[in-house]
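FYI, it's all coordinate maths here, none of it is from the lab. Since the model is a prediction, treat every value here as computed from it, not as a measurement. Cβ atoms come from the backbone with ideal geometry, glycine included; neighbour counts cover every protein chain shown.
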Amino acid sequence: MPPLPTDALRRVVIRSRLNRVLEFTRFTIHDVVNNPVAKNAVLAYWRLSKQIDRSGEIGELERQWNPTGRS
């Protein structure tokens, strides 16, 4: 029996962006390959996901460079 997670021990599950998008759209990889509508939908959500992640990273970096928020 594996030990229970504690403060010192945590389990980190890495989920790829594609898996998250496929779960959100409820398409399978086979749908994406065989259906152009599904492919375009997954591609649009993929790009949106990348844009959201990048904007969050930019915001974090700006807060690190200028923690007081002054120009």
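Each of Arg26 and Ile14 was given a label point 7 Å from its Cα along the Cα-to-Cβ line. The distance between the two points is 3.1 nm.
Here the 3J(HN,Hα) profile of region 38-45, calculated from phi with Karplus coefficients 6.51, -1.76 and 1.60 at θ = phi - 60°, is 5, 4, 5, 5, 5, 4, 5, 5 Hz, Gly and Pro shown as x.
Dimensions of region 17-65 from C-alpha coordinates, computed as largest minus smallest value along each principal axis and given longest first, are 46, 15, 11 Å.
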